[in-house]
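Derivation of every value follows stated rules applied to the coordinates shown; laboratory data play no part. Everything numeric in this text was worked out from a predicted model, so none of it was measured. Positions of Cβ are generated from backbone atoms using ideal geometry, with glycine treated the same way; all protein chains shown enter the neighbour counts.
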Amino acid sequence: MARKTSRSGLPGSVAILWLRHDLRLSDHRALAAALDEFGLIVPVFVLDESDENRWALGGASRWWLHHSLAALGAALRKRQSELVLRRGDSVSILRDLVRETGAAALFCGETHEPWLRSLTDAVEKAVGVPVHRRRVSTLFDAEAIRTKSGGQYSVYGPFARACRAQPEPEDPLPAPQSIPSPKRMPRSDALDDWGLLPKKPDWSGGFDTMWTPGEAGADKKLKSFLKDRLDGYGASRNVPGDPQGTSMLSPHLHWGEISPNQVWHAAKQAADRKKAKSGWDSFSGELLWHDFSAYLLRYNPEMPEKPLRAAYAKLPWRRDKAGMRAWQQGRTGIPIVDAGMRQLWRHGWMHNRVRMITASFLVKHMLVSWQDGEAWFFDTLVDADLATNAASWQWIGGCGTDSQPFFRVFNPVTQGKTHDPDGRYVRHYVPELKALPDRWLHCPWQAPQSVLGKAGLVLGRDYPKPILDLDRGRDRALDAYRKHVRGA
Ligand code: FAD
């Protein structure tokens with residue numbers, strides 16, 4: 001006898017749920033829509049490493065994906081379902097699965113990534129059944145956010161105001177209690193056979209201590225942040241040495257283990273309870289930046305590769321292999337830059353303020369292209385997000401539509417002194433500088449020999465001398481900008 005869903009789906013009828021960046025069961029509008037209409041659901045994740053996708057998963061993302069899929073598989077089993085894993089060409093795999101299961105429809109989340117959008121179109125053409133897309137990873141429907149003349153926003157401020165003028169994002173949906181599956185589920189690959197985890201060497205030790213991928217981990221992070229951190233968020237979000245100054249939800253949001261709607265509503269309720277208006281204003285503003293990045297990518301599919309302001313393509317970027325390696329390894333001799341790059345390598349994540357400092361150092365002081373930095377972040381971040389990463393690098397590089405001007409160059413010493421005044425962050429990630437007094441911590445090359453001696457530090461031996469002179473690096477960047485962008 002055909003099983004009946006707990007909702008109103010037609011008994012015996014099958015739908016495929018194609019999961020991508022929406023690895024959750026609660027507030028999943030594609031899953032809810034499938035359950036409303038169909039009695040039996042086949043949840044599928046396809047690892048498609050097509051050469052056509054120029055932005056294949058980086059190492060840190062693969063680590064996250066492994067654990068996230070394991071968590072999702074377990075959550076599905078608790079609901080009498082199973083996650084079907086397949087590796088290869090999405091179009092042929094989904095076409096075959098539709099035939100094999102007799103599915104009458106395919107449901108998936110809306111995406112803003114160019115390759116995934118074209119892939120969804122190709123799947124729609126091939127499978128021969130209706131493909132239903134639902135918004136699962138943004139607060140607002142991009143199509144509804146239009147300027148008065150019906151165009152698209154290119155600047156964050158008016159975009160955010162237009163979002164705030166919309167009706168509130170929908171209330172989150174609870175996870176279904178059961179997700180009925182066909183008597184015979186299609187065969188699944190074994191997750192371990194995908195080799196997503198690093199082996200030789202296994203660099204993920206520092207990830208385990210920091211992250212619990214999956215829906216439960218996301219929920220825990222959100223609750224702990226809202227419990228007592230939201231009130232002071234406006235200030236604490238700029239203190240990299242405060243391990244709880246921000247929510248650390250970014251990888252969970254990227255992989256869709258929690259929806260922006262869930263975060264929005266939970267934060268709003270917490271702010272109302274605690275009368276934390278300013279915390280809410282800043283935090284909701286960041287969630288809108290997340291939406292804005294997705295919006296920009298949707299309407300500018302070349303954003304990850306090309307500057308949004310064409311004149312910036314003329315900047316004479318330097319090829320600097322040794323400098324790039326020093327930057328990647330956190331050995332530039334500039335403490336706050338090195339601390340950030342080491343945090344990234346150790347935990348697959350970096351504090352936002354330090355992302356700005358390290359990115360600015362690369363693009364301006366080193367005059368290395370923002371695309372090179374973007375690629376390194378994409379490979380090493382657990383929250384590597386095509387839209388946000390590209391939009392942020394363009395913002396730093398001055399070439400985004402809504403950027404900080406190129407001629408505004410972050411001074412990493414001043415930034416360090418302002419945002420890490422007690423040196424907690426730098427001392428944690430650059431322990432060789434631990435014994436230096438605060439005054440010299442962010443600029444050890446300026447410290448008197450006697451101070452270095454007392455701290456047991458020889459520059460060039462225990463810690464690198466700076467790879468460049470900050471003033472000269474800044475002047476070189478400004479010169480290049482004047483000649484090639486402003487004068488163009
Ligand atoms: P919180 O401060 O707690 O903010 C809550 C959420 O708001 C975040 O999880 C994120 O989804 C969103 N958010 C916060 N800041 C921004 C921002 N500036 N732009 C867009 N959304 C934001 N974020 C990514 O998720 N993936 C990336 O690949 C990425 N690359 C970046 C590259 C550079 C050069 C820079 C400067 C920033 C980048 N960011 C990226 C944005 C930001 O640094 C991270 O979202 C933030 O540090 C994540 O920490 P959190 O979850 O504790 O943020």
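Have a look at the DSSP beta bridges in the chain and tell me what percent are antiparallel, nearest 5. If we restrict to bridges inside the chain, about 0 percent are antiparallel.
Please work out the FRET efficiency for the pair D479 and A104, using the Cβ-Cβ distance as r and a Förster radius of 56 Å; give the result to the nearest 0.05. Please report the intermediate quantities before stating the final value.
On the way: r = 63 Å, r/R0 = 1.13.
The formula returns an efficiency of 0.30 here.
Rounded to the nearest 20 debye, the dipole size of the chain about its Cα centre is 840 debye, using +1 on the Cβ of Lys and Arg and -1 on the Cβ of Asp and Glu.
How high is the relative contact order of region 280-414, in percent, counting Cα pairs under 8 Å that sit 6 or more residues apart?
Details: 156 pairs, mean separation 36.6, N = 135.
For region 280-414, the relative contact order is 27 percent.
For the chain, the fraction of C-alpha pairs more than 30 angstrom apart is 51%.
Extension gain for D469-D208 works out to 90.2 nm (0.36 nm per residue, less the C-alpha to C-alpha distance).
Over region 405-488, the fraction of Cα-Cα pairs per 5 Å bin, rounded to whole percents and listed from the shortest bin up, is 3, 13, 21, 19, 16, 10, 8, 6, 3, 1, 0.
Normalised by the residues of region 377-488, what does the relative contact order come to in percent, with Cα pairs under 8 Å and at least six apart? With pairs under 8 Å counted, the relative contact order is 16 percent. Run a plain Debye calculation on region 257-393 (Cα atoms as equal point scatterers, no solvent) and give log10 I(q)/I(0) at q = 0.09, 0.16, 0.17, 0.21 Å⁻¹, rounded to two decimals, same order as the q list. Each listed q maps to, in turn, -0.33, -0.92, -0.99, -1.25.
Subtracting the Cα-Cα distance of E168 and A216 from their residue separation scaled by 0.36 nm leaves 14.8 nm. Over region 334-376, the alpha carbon radius of gyration divided by the compact-protein estimate 2.2 N^0.38 Å works out to 1.06. Measure nothing but the geometry: give the 0 to 90° angle between the long axis through the Cα atoms of 386-397 and the longest principal axis through the Cα atoms of the chain, rounded to 10°. Helix 386-397 sits at roughly 20 degrees to that axis.
Using the rule -39500 (n - 2.57) for each DSSP H run of four or more residues, divided by the residues of the chain, the 222 nm mean residue ellipticity is -13500 deg cm²/dmol. Projected over all directions and averaged, the alpha-carbon convex hull of region 147-266 occupies 13.1 nm². Computed over the Cα atoms of region 342-488, pair by distinct pair, the Kirkwood hydrodynamic radius stands at 16.6 angstrom. Shape analysis of region 157-225 places it in the oblate category; the axes a ≥ b ≥ c from the Cα gyration tensor give an a/c of at least 1.5, with a/b not above b/c.
One decimal place: the segment K268-S13 gains 87.9 nm when fully extended, by the rule 0.36 nm per residue minus the C-alpha distance. The long axis of helix 215-228 is offset from the longest Cα principal axis of the chain by roughly 50 degrees.
Evaluated over the Cα positions of region 53-190, the convex hull gives a direction-averaged projected area, one quarter of its surface, of 11.2 nm².
The ranking of I93, I41 by Cβ neighbour count inside 10 Å, starting from the fewest, reads I93, I41.
On the principal axes of its alpha-carbon atoms, region 140-186 has extents of 53, 23, 15 Å, going from largest to smallest.
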